[in-house]
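The values are calculated or read from the model by the stated rules, or taken from the named source; none is laboratory data. In this text the structure is predicted, and so the values were computed from the model without any measurement. For neighbour counting, all protein chains shown are included, and Cβ atoms are generated from backbone atoms with ideal geometry for every residue, glycine included. For accessibility, only protein heavy atoms count, side chains too; no ligands or nucleic acids. Shrake-Rupley method; radii C 1.70, N 1.55, O 1.52, S 1.80 Å.
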Amino acid sequence: MVLLAGPGTSTDIVANYLDARVSDLVVIAEDPQPRAAMARRRARRVGWFPVVGQVLFVVLLQPLLERLAAGRRQAILSAAALDATHRAPSHRVRSVNDDEAVALLRALQPDVVVVHGTRIISTRVLETARCP
């Protein structure tokens, strides 16, 4: 089984959950997208005004909301018996759509691929993994 994943705590939770149930889990994690490049792409699509609002939200409000929700988050993880311990990926790639990710999928020939938190996956990558 291969977990094709983006960065983040939720990926650690999914990886730990699967690893407890599957003997041969391989985690391929893509690097996070540079925020400046992401903002430029969004600005080309929707304009700078909405992007500035999103950036202000992330910079000013998101840290506060994360602190306020920390207790509730921990209660949910405990109640569901989920493990959020950081799990180092088996392989790191710049993007799930890079040649390196395609080569890994070809070499591993997984029976199952679980996708969690990645960028939009290209047809070429999807066709490489000939499994559910």
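Pull up all non-local amide H partners of Val93: gap of 5 or more, or a different chain, and H-to-H distance under 5 Å with H placed in the peptide plane. When sequence neighbours closer than 5 places are left aside, the close amide H contacts are Ala29, Glu30, Asp31. Taking packing as the residue-averaged number of other Cβ atoms within 10 angstrom, the listed peptides 34-44, 104-114, 2-12 run from highest to lowest as 2-12, 104-114, 34-44. Average accessible surface for region 17-132: 72 Å² per residue, computed with a 1.4 Å probe over protein heavy atoms with every protein chain in place. Per residue, the Cα convex hull of the chain amounts to 126 Å³. Mind running the shape call on region 64-132? Use the C-alpha gyration tensor, a ≥ b ≥ c as the square roots of the eigenvalues: rounded below 1.5 for a/c, prolate if a/b tops b/c, oblate otherwise. Since a/c reaches 1.5 and a/b is larger than b/c, the shape of region 64-132 is classed as prolate. In this Cβ point-charge picture (+1 for Lys and Arg, -1 for Asp and Glu), the chain has a dipole of about 680 debye about its Cα centre.
A helix-only calculation puts the chain at -15000 deg cm²/dmol for mean residue ellipticity at 222 nm, using -39500 (n - 2.57) for each DSSP H run of at least four residues, averaged over all residues.
As a rough guide to protection, the peptides 23-31, 59-67, 81-89 ranked by mean Cβ packing within 10 Å, highest first, stand as 23-31, 81-89, 59-67.
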